[in-house]
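J.: Sharing a structure with you now.
The values are calculated or read from the model by the stated rules, or taken from the named source; none is laboratory data. Because the structure is predicted, anything quoted here is derived from the model rather than measured. Every residue, glycine as well, gets a Cβ built from its backbone with ideal geometry; the counts of neighbours run over all protein chains shown.
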Amino acid sequence: MITRLPKYVLLTIGATLLMMAGASVGTTGTAAAPLMAITDTVEPATRTPTPRPTNTPGPTSTPGPTSTPRPTATKEPSSKPDLADPAITKSSSVSEAKIGDEITFSIRVTNNGPGTAEDVVVTDPIPDYLDVIEATTTSGDVSSSGRTVIVTIGKVHAGDEVTIRIRVRVNERAEPPGGRNGVSLTTSSPGDDPSNNSSDVSFAIIGPVTPTVLALTPTATPVTPAILPVTGAADDTGSRVSLLVTLGLAALLLSLLFRGKSRE
């Protein structure tokens with residue numbers, strides 16, 4: 001009997017069955033939706049740890065200050081000359097001397113800092129009663145101008161020390177009670193304290209004058225008394241001679257006068 005049904009009826013029944021089957025499939029598809037929600041929750045869970053390590057380089061930006069371009073800024077004062085304070089002191093090997101003795105002057109040049117002293121020059125004018133024998137220095141060059149000793153040192157770093165020695169001899173121009181000798185320095189560095197740029201020493205001149213002077217004075221004194229008696233004797237003889245000559249002339253005139261009268 002089924003076979004006797006018309007074809008359009010069979011087609012209608014088949015279409016109905018297909019629609020029912022599609023409806024059942026749609027209900028099963030909605031059941032899969034919760035799986036998508038689970039996967040969505042899992043995906044953010046896996047994504048959240050990854051950005052956090054990527055954000056960690058953010059603290060690495062802190063080394064920016066540690067690179068410290070600031071020390072380079074300290075180079076700016078280097079264009080300016082350093083402040084320095086060179087100082088000088090002088091001492092003598094003896095406190096007293098006589099003519100012919102040697103004296104050694106010791107000169108110390110230091111730099112109180114904080115920078116390096118530039119163009120340091122030491123000048124020591126030696127008086128005329130002292131003759132320079134030798135001059136040395138531990139740094140720089142030694143020269144002279146007349147009786148002045150000049151030591152061109154140049155640079156003196158902070159804390160450094162330069163020693164200068166000048167050896168002299170006392171000559172016959174020295175006179176008691178004593179003498180004095182001073183030294184000074186100059187520099188082109190700013191910040192120098194002029195109160196410590198000079199120093200001097202004093203010493204006593206003792207003892208008699210040199211033997212050569214003593215030998216000259218006695219030889220000159222006997223000459224004057226020896227001449228005095230000679231000059232007195234010469235005056236006596238001269239007066240006697242003049243008297244005799246006068247008497248002779250008078251006798252000659254008298255004799256001529258008497259001869260003339262006798263002829264008359």
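J.: Quickly run through the stretch 180-194 and pick out the residues that are more than 14 Å from T110 (Cα to Cα) and out of contact with any Asp or Glu (no Cβ under 7 Å at 6 or more places or on another chain).
T.: Result: P190, single match.
J.: Then there's this: Within the stretch 102-149, track down each residue that is acidic (D, E) and without any contact (Cβ under 8 Å) to a residue 24 or more places away in the chain.
T.: Once the filter is applied, which keeps residues that are acidic (D, E) and without any contact (Cβ under 8 Å) to a residue 24 or more places away in the chain, the stretch 102-149 yields only D141.
J.: Considering only residues that are surrounded by 15 or more Cβ atoms within 10 Å (Cβ to Cβ), at pLDDT 95 or above and β-branched (V, I, T), which ones fall in the stretch 183-212?
T.: Within the stretch 183-212, V183, T187, V201 meet the criteria.
J.: Restricting the search to the stretch 112-139, which residues are within 20 Å of I205 (Cα to Cα) and not in a strand (DSSP E or B)?
T.: Residues satisfying the conditions are I126, P127, D128, Y129.
J.: Does S239 meet the test of being assigned to a helix (DSSP H, G or I), in the same structural domain as D131 (by TED's automatic domain parsing), surrounded by fewer than 11 Cβ atoms within 10 Å (Cβ to Cβ) and at pLDDT 50 or above?
T.: Details: assigned to a helix (DSSP H, G or I): yes; in the same structural domain as D131 (by TED's automatic domain parsing): no; surrounded by fewer than 11 Cβ atoms within 10 Å (Cβ to Cβ): yes; at pLDDT 50 or above: yes.
Criteria not met by S239.
J.: Which residues, counting only those in the stretch 157-172, are over 15 Å from V142 (Cα atoms) and either without any contact (Cβ under 8 Å) to a residue 60 or more places away in the chain or polar (S, T, N, Q) (or both)?
T.: Selection gives H157, G159, D160, E161, N171.
J.: Any idea which residue in the stretch 135-163 is nearest to the chain's Cα centre (by Cα), counting only those that are farther than 14 Å from P125 by Cα and aliphatic (A, V, I, L, M)?
T.: Taking the stretch 135-163 and keeping what is farther than 14 Å from P125 by Cα, we get 136-141, 152-163.
The next check asks that each one be aliphatic (A, V, I, L, M); those that pass are 153, 156, 158, 162.
Numbers: I153: 7, V156: 4, A158: 8, V162: 9 Å.
My answer is V156.
J.: Just checking, how many residues over the stretch 140-163 are in a loop (DSSP other than H, G, I, E, B) and closer than 26 Å to A97 by Cα? Lay out the reasoning, then the answer.
T.: Just the residues of the stretch 140-163 that are in a loop (DSSP other than H, G, I, E, B), to begin with: 140, 146-147, 157-160.
Then drop every residue that is not closer than 26 Å to A97 by Cα, which leaves 146-147.
The total comes to 2.
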